[in-house]
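Take a look at the structure set out below.
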Amino acid sequence: MAITDFEKEGSGGGGGVTDVTATAPITSTGGATPDIGITAATILVDGSMSASDKNKLNSIAAGAQPGTVTGVSAVAPITVVASPTSPSVGINQSGAGSDGYLSSVDWNTFNSKGNGDMLASTYDPTGVAADVYDYSNQIGLNQMPSAQITTYTEGGGGAVEIDNYDLSTYNVHYIDPGAHDRDFTGMVAPSAGVQRIVVIINVGTNKKLKFKDNDGDSDAANRMLLADASDFDLNEGASVQFIYNHTTNRWHTYSYY
């Protein structure tokens, strides 16, 4: 159609825009002089992209997918075998100098340990709970193996007394005073924290072990605090049990038979 024909057939206005509409995300206020815009995009609605969103988009590696692991690190004892997208995460076994998981073998070892605070290498070598090595268990004192029993005979003259008696690792001590009644002033104290109980039995013949209260002939930590602060005699065939107290740093009588 010729321009002259358009002008003839037009209804006026010279063909100008009379109304503008828009399809989302484009917006229009409508009319002959509309304001055209675009809504901002959201997670649910299409729209324009902000500069910050564009920068975020640019920082995503090519080919990345939502939820994709891009890097994993770990703090010991956790381990990671390096692989950006499919790492293998693990944990080392614990050792004497390193943290880690507890193996079933080690768990059984710990689980079989006895209760109480003791020097395991000396006083609990089996690592078995409530066995004959556990001084906190009275049964142990009644089922002592021969390796935990010793006999000592004092062969000195009448003036010789038993001072700072060395218990070693034995729990039951058969002591023979020899040819004379014998003063007994103390026993070597256990290591710090070890709640040790020992049994002393007089196996002499018509001779006494004469226990002395807090007697200075033994070192301070090796002395005994006896009942009523009184000396007592252990006759032939009689026995006495002592327990060490780390608060008083003395031996105390536990029972007497």
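What follows draws every value from the coordinates through simple rules; no lab data is involved. Quick caveat: nothing in here was measured; it's all calculated off a predicted structure. Reconstructed Cβ throughout: ideal geometry from the backbone, glycine too, with neighbour counts over all protein chains shown.
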(request) Kindly provide log₁₀ I(q)/I(0) values, in the same order as q = 0.19, 0.22, 0.35 Å⁻¹, from the Debye equation applied to equal alpha-carbon scatterers of region 70-111. (result) -0.62, -0.72, -1.13
(message) Just to be sure I understand the model, the point goes 7 Å from the Cα along the line to the Cβ. What's the resulting residue 17 to residue 168 distance in nm?
(response) 11.1
(request) Output the relative contact order of region 70-111, whole-number percent, from Cα pairs under 8 angstrom with separation of 6+ residues. (result) 28
(message) Among 21-28, 161-168, 101-108, how do they line up by average Cβ neighbours within 10 Å per residue, starting with the highest?
(response) 161-168, 21-28, 101-108
(request) Let me know the charge dipole size of region 189-257 about its Cα centre in debye, to the nearest 20, where only the beta-carbon of Lys, Arg (+1) and Asp, Glu (-1) is charged. (result) 160
(request) Please list the equivalent ellipsoid semi-axes of region 146-256, computed as the square roots of five times the alpha-carbon gyration tensor eigenvalues, in descending order and whole angstrom. (result) 20, 16, 13
